[in-house]
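The values are calculated or read from the model by the stated rules, or taken from the named source; none is laboratory data. On a predicted model such as this, the values are computed, not experimentally measured, just so you know. Virtual Cβ from ideal backbone geometry, glycine too; neighbours counted across all protein chains shown.
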Amino acid sequence: MSLLEIENLTIEFPNRHGTEVAVDKVSLSVNAGEILGLVGESGAGKSTIGNGIVQLLSKPGRVAAGKVTLNGEVISGLQGESIRKIRGSKIGFIFQDPMTSLNPLFTIENQMVETIINCLGVSYKEALERSIELLTKVGIPEPEVRIKQYPHQFSGGMRQRVVIAIALSGEPDLIIADEPTTALDVSVQDQILKLIQDLCTDLQVGCILVTHDMGVIANVTNRVAVLYRGKLVEIGETKDVLGNPQHPYTQSLISAVPLAGKKVDRFPLVETIESIESGLKSIDVTTHWLGQSSQHHNTDDLLIIKDLNLSFLTQDAFFKKNRKRLQATDNVSFSVKQGESFGLVGESGSGKSTIARMIAGLQQPDSGSIVYDGVELINNPDKEKVKSVRQRLQMIFQNPYSSLNSRMKIKDIIAEPILYHHLAKTNEVEGIVGDLLDHVGLGRKSGVKYPHEFSGGQRQRISIARALATRPRLLICDEPTSALDVSVQAQILNLLKDLQDELGLTMLFISHDLPVIRQMCDRVAIMRQGKILELQQTEDLFEHPKDKYTRELLDLMPRFDDLTHDLNANSHV
Amino acid sequence: MLQFLLKRFLQAIVVMLIISLLSFSIKDKLGDPLREMTGQSVSEAEREVMRDEMGLNDPFLVQYGRFIKDALHGDLGTSYFHKLPTMTVILKKLPATLELTFAASLIIIFLSIPLGVFSAIKPKHWFSKFIMAVSIVGISIPVFLTALALIYIFSVKLGWMPSFGRGETVHLFGYWETNFLTKDGILHIIMPAIALSSIMLPLFIRLVRAEMLEVLSSEYVKFAKAKGLKAGKIYFKHALKNTMLPVITVGGVQIGIMVAYTILTESVFQWPGMGFMFLEAVNRSDIPLIVAYIMFVGFLFVVVNTLVDLLYGVINPTVNLLGKSK
């Protein structure tokens, strides 16, 4: 008998317009000591299943039908106190963001001990001993000291370890981990996943691992369940499902994942997800306004960065010598050639986004020079000149949900840079905006809508259209797809590639995602702690990394190339 | 810590200088103090001599400089009416006002937190809806009207409560007169305190409710639920402490404002405090007393806000009073 059995679980969210079925008759089971992966795109209902098991659904969600059995005991339909006793003691939870799942005002000791006392009913002294034991087990150094500290004194990875320790503290039989590593860096992700894997084997705890990351699924899970729009489309041994997917959705989902191992020209698309409007008027860029970029120097290097330095004050003091500074970029120099895609890779805090912000003029460097299209951008007295070249340098931001003004119509958002820089006659602007919307695959009709009416992928298209509106030569893409689902990511990356070919754009591509970088970039620079460690042709870097840190990153990168190798060899999606 | 206090002290000096300049510069606009001080029999020539003696004919900056110099020695001038140093007059009235503010704060704290928390936990309960409706009405009614209504109902019609004054008080340490030690004193302070709290109470109930609702939707509350904690512990340990952070910040500012509101309450209830004194001083063009009052209230603001910031730092471990990295 399995540890957890779910039969025909149906979860509904009633709203004004009727009832939305978030999870539709899902049946699955988890064995002790096993990790079951739950994979799907956002909105597929994978987190909802986890929350539904312990009745932590946000209102007005409710379990409409189905039976959940834990260790032979039916736990669906339990109310109030009875379900509370299941939480923590029988089923432990790990949430996505370790920065927010711990209460900032209480020490780790306080938060752990209360859980242990609550679940196991032991004395304070014993609970404290157990806490220290658990913290040791999850790999927190000096647990006796660290337990007295507050959450903000821990790094993201360390906090997630604490969260795992708390999830284990009630000695649960099952752990539900909801995107436990999505908010973490690659190297930390690897450690956390290993930890979860070891704990499951050692303690014979079952685990449901909810994630959208196919690499994670391939690396740690024993079995995997694929969800699509609330329905379970496929379940089985991980290597079977990934290596030989039966359902068309699974097949297309897997093919959309950027491969770390080899470079492809275009990403195969997942057609089942978000169809692009067909029959849109495509524009001929040789004659269209968009292609008629104003004259520019035909230099080899479009962007030259030299000895760029920026430090942030981390500790203020009255005397200068007592102040502490963090070197965000440390003598960074590189250049980007006309028409190439240049990748900047690093973990959070490596300074990659800071460089983008300095190039875009959102931040002033302490020293150094940035020459774009033959014009010095830093401390250049000729402000007009700087403004006119900056206009040909645009940025696409990471989060499409916060980078569009929610009170403006799409067509006004896109028209704004054109009008500001006087790039076209006022009566032409409307037509140009429409063409741009057609070109990025949204259709000119969508211009009258507001940002909230679009999905994440569509919003990123709007951002791209806005960036194109000044006819840029250089596009800075700061993690343009990291907030998006894998299928949507494939679409956006394809769009960027197409635009680059058509318009001869130069791209500075910033990402922490190595497979994406491999697909997108000609040359790559690896950054760490504000320094560039290695700069190489992409293929050389992936095949023959020189720096030790680069090798480490490549090793840690979750990959499922090996598992899906057969699939890619056999089928052409 | 010491550095924080030092920084605060420097800021306070700047704030006090600005307040002093503002309050001192209005003094010329408040009418002729001589008219109040002297009778009809004093001739214009004699008045001119008095003006000279009092320094009222000197240029503004000279007068201001003299004022600052004296203020640094703790002398904020002499009240024209009381013929006493203004600080003496203010300090004498201070306990009455502070006790009134304290009583009103107690009412606010002990009502707003439970009511706000309740209406956040059970937003659909009829009582929550009732609280919200009443609080809207409460915000809209001016303090003096509440005060008059209280007097009309409980003193005039029912005769349960005294309508004016402090009643029987007890001397503490020879200086401080307190209402809290006699039954009569407590009876006297109840209605003024209710009137004074009436404007802030609805605001705080709504603030506590809004903050609590936000905290309840946070990840760590969800995590606390997932840990299997009891509802009481989630609400009153995990959620309430986080709720209090913004409430404390707002509270600090509002206590200062409440001291200013005592002008209305004290004059309706004939409460012998600073507010009542200030109103009398305005009527009598007692300029030194007016200026001293404004300075003193400004000083009170600075002190209260510093205390609130210290308290905030104690409650919230992520706040570092010096902006130091950990």
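Of all positions in segment B:275-291, at least one carries a residue that is closer than 19 Å to residue B:104 by Cα and either in contact with a strand residue (DSSP E or B) (Cβ under 9 Å, 6 or more places away or on another chain) or assigned to a helix (DSSP H, G or I) (or both). Which of the residues belonging to segment A:40-89 are part of a loop (DSSP other than H, G, I, E, B) and within 11 Å of chain B (Cβ to nearest Cβ)? Scanning segment A:40-89 gives A:54, A:55, A:56, A:57, A:58, A:59, A:88, A:89. State whether one or more residues within segment B:79-96 are at pLDDT below 80 and either surrounded by 15 or more Cβ atoms within 10 Å (Cβ to Cβ) or in contact with a helix residue (DSSP H, G or I) (Cβ under 8 Å, 6 or more places away or on another chain) (or both). Among the residues of segment B:79-96, at least one is at pLDDT below 80 and either surrounded by 15 or more Cβ atoms within 10 Å (Cβ to Cβ) or in contact with a helix residue (DSSP H, G or I) (Cβ under 8 Å, 6 or more places away or on another chain) (or both), which makes the answer yes.
Within segment A:69-85, which residues are in contact (Cβ under 8 Å) with a residue 12 or more places away in the chain and surrounded by fewer than 22 Cβ atoms within 10 Å (Cβ to Cβ)? Selection gives A:69, A:71, A:72, A:75, A:76, A:77, A:78, A:83. On inspection, residue A:529 fails the criterion of being among the polar types (S, T, N, Q), at negative phi and touching a residue at least 24 places away in the same chain (Cβ under 8 Å). Checking each residue of segment A:234-245 against the condition of being closer than 19 Å to residue A:2 by Cα, in the same structural domain as residue A:38 (by TED's automatic domain parsing) and in contact (Cβ under 8 Å) with a residue 60 or more places away in the chain gives at least one match. Any residue that is among the polar types (S, T, N, Q) and modelled with pLDDT under 90 - is there at least one of those in segment A:339-347? No; the residues of segment A:339-347 include none that is among the polar types (S, T, N, Q) and modelled with pLDDT under 90. Screening residue A:467 with (1) more than 27 Å from the chain's Cα centre (by Cα); (2) on the phi < 0 side of the Ramachandran plot; (3) in contact (Cβ under 8 Å) with a residue 24 or more places away in the chain gives one miss only, at (1). For first residues located in segment A:446-459 and more than 19 Å from residue A:415 (Cα to Cα), partners that are part of a helix (DSSP H, G or I) and lie 6+ apart or on another chain with Cβ distances below 9 Å form the pairs A:455/A:488; A:456/A:488; A:457/A:487; A:457/A:488; A:457/A:489; A:457/A:491; A:457/A:492. From the list B:318, B:262, the one residue that fits, being among the polar types (S, T, N, Q) and either within 14 Å of another protein chain (Cβ to nearest Cβ) or touching a Pro at 6+ places or on another chain (Cβ under 7 Å) (or both), is B:318. Step by step: first the residues of segment A:198-237, then only those that are of a type in the set (D, E, K, R) and out of contact with any Pro (no Cβ under 9 Å at 6 or more places or on another chain), then the one that is farthest from residue A:252 (Cα to Cα). Which residue is that? The qualifying residue farthest from residue A:252 (Cα to Cα) is A:202. Restricting the search to strands (runs of 3 or more DSSP E) fully inside segment A:319-433 and requiring at least 3 residues that are closer than 14 Å to residue A:466 by Cα, in contact with a Leu (Cβ under 9 Å, 6 or more places away or on another chain) and in contact (Cβ under 8 Å) with a residue 24 or more places away in the chain gives A:393-396. Answer yes or no as to whether residue A:235 is within 14 Å of chain B (Cβ to nearest Cβ), over 30 Å from residue A:434 (Cα atoms) and at pLDDT 85 or above. Judged against the criteria, residue A:235 is not a match. Of all the residues in segment A:104-115, those that are surrounded by 24 or more Cβ atoms within 10 Å (Cβ to Cβ) and either at the interface with chain B (Cβ under 10 Å from one of its Cβ atoms) or part of a loop (DSSP other than H, G, I, E, B) (or both) number 3. Confirm whether residue A:160 is surrounded by fewer than 19 Cβ atoms within 10 Å (Cβ to Cβ), within 14 Å of another protein chain (Cβ to nearest Cβ) and not aromatic (Phe, Trp, Tyr). Considered against the rule, which asks whether it is surrounded by fewer than 19 Cβ atoms within 10 Å (Cβ to Cβ), within 14 Å of another protein chain (Cβ to nearest Cβ) and not aromatic (Phe, Trp, Tyr), residue A:160 comes out as no.
The listed residues are A:420, A:401, A:450, and the only one of them that is aromatic (Phe, Trp, Tyr), at pLDDT below 85 and farther than 30 Å from residue A:334 by Cα turns out to be A:401.
Based on what the data block shows, is residue A:41 modelled with pLDDT under 85, surrounded by 15 or more Cβ atoms within 10 Å (Cβ to Cβ), over 22 Å from residue B:226 (Cβ atoms) and not assigned by TED's automatic domain parsing to the domain that holds residue A:489? Against the criterion (modelled with pLDDT under 85, surrounded by 15 or more Cβ atoms within 10 Å (Cβ to Cβ), over 22 Å from residue B:226 (Cβ atoms) and not assigned by TED's automatic domain parsing to the domain that holds residue A:489), residue A:41 qualifies. Within the span defined as segment A:71-86, every residue fails to be of a type in the set (Lys, Arg) and over 22 Å from residue B:227 (Cβ atoms).
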